[in-house]
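The values are calculated or read from the model by the stated rules, or taken from the named source; none is laboratory data. In this text the structure is predicted, and so the values were computed from the model without any measurement. Positions of Cβ are generated from backbone atoms using ideal geometry, with glycine treated the same way; all protein chains shown enter the neighbour counts.
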Amino acid sequence: MALYSEKVMEHFRNPRNVGVIEDADGIGEVGNAKCGDIMKMYLKIDDEMITDVKFETFGCGSAIASSSMATELIKGKPVSEAMMLTNKAVAEALDGLPDYKMHCSVLAEEAIKSALDDYYSRHGSDRAEDESSKKIGRPVDAAGRS
Ligand code: FES
């Protein structure tokens, strides 16, 4: 049996939504300390809808395929849906990843949540505290210091 599904290979060879959004509304960057791979996500959000998403991934094939699939899954969707995207859903949409490559899909989930976190911190909503910071575990300064 092949190690990687056809879908993983296809998204690796031909990744969707690669690049940068210069005037992004939210940017998230995450890395995996063990393998050293880095993923950066850019979101364009209009009226709580993800109108555009692009990524740059310096990482393994599974990380590239995961970012590509994750962008496809959230593009054109409401922010509330993107917030719920799990690495499991990304891996399933790719018809599975080998167990030892599941952490690559975790990067995609975290990069999106980090970009949404950034979007909410720029827009002053407290929804980031309720949703994404829970998973990322980043403390949110609600003191509003000047
Ligand atoms: S090996 Fe680390 S992201 Fe794939």
Among residues of the range 44-87 being of a type in the set (D, E, K, R) and in a helix (DSSP H, G or I), the residue farthest from SER114 (Cα to Cα) is GLU72
From ALA65, ALA89, residue being surrounded by 20 or more Cβ atoms within 10 Å (Cβ to Cβ) and either within 12 Å of the ligand (Cβ to nearest atom) or at pLDDT 95 or above (or both): ALA65
Residue by residue through the range 27-52, note down the ones that are touching a residue at least 40 places away in the same chain (Cβ under 8 Å) and either of a type in the set (Lys, Arg) or crowded, with 17+ Cβ neighbours inside 10 Å (or both). ILE27, GLY28, VAL30, ASN32, LYS34, ASP37, MET39, LYS40, MET41, TYR42, LEU43, ILE45
Please verify whether the range 93-102 includes one or more residues that are of a type in the set (Phe, Trp, Tyr) and touching a Ser or Thr at 6+ places or on another chain (Cβ under 7 Å). no
Which numbered condition ALA2 fails, given (1) farther than 19 Å from LEU116 by Cβ; (2) within 16 Å of the ligand (Cβ to nearest atom): (2)
Note on the range 32-55: residues within 15 Å of the chain's Cα centre (by Cα) and within 16 Å of the ligand (Cβ to nearest atom) are ASN32, ASP37, ILE38, MET39, LYS40, MET41, PHE55
Quick count over the range 1-26, residues being aliphatic (A, V, I, L, M) and surrounded by 17 or more Cβ atoms within 10 Å (Cβ to Cβ), is 3
Can you confirm whether the range 92-106 contains a residue that is buried (at least 17 other Cβ atoms within 10 Å of the Cβ), within 12 Å of the ligand (Cβ to nearest atom) and small (Gly, Ala, Ser)? yes
